[in-house]
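Since the structure comes first, as structure tokens, the remarks are kept for the end.
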Amino acid sequence: MITIEDNDFPIDVARKIILGTKPLDLSEFQKRLRGFVLPESIKDDETMDMFDLEEIKEIADYLMVYYSSHYMEGD
């Protein structure tokens, strides 16, 4: 889960979005199968990225649209 604090700098918020993780939700079958196909170093990792690269781009696009609409209006 990502928590953005009131005093976070913009770079810190971006870092949280880019590096954020969430629990890996696997069924029991997937967990057992995972033990056979993944290298030992990855087997114990129980998290995945919060956002993939396409989702990060989508967030950036939304922020640019927001910025553009407010910049043009003079807010």
Inset, instruction - Within segment 1-35, count every residue that is farther than 21 Å from Asp52 by Cβ, among the charged types (D, E, K, R) and modelled with pLDDT under 95. - result: 3
Inset, instruction - Sort out which residues of segment 36-56 are loosely packed, with under 10 Cβ neighbours inside 10 Å and at pLDDT below 80, and write them in order of number. - result: Phe36, Val37, Pro39, Glu40, Ser41, Ile42, Asp44
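The values are calculated or read from the model by the stated rules, or taken from the named source; none is laboratory data. Please read all numbers here as calculations on a predicted model, not as lab measurements. Positions of Cβ are generated from backbone atoms using ideal geometry, with glycine treated the same way; all protein chains shown enter the neighbour counts.
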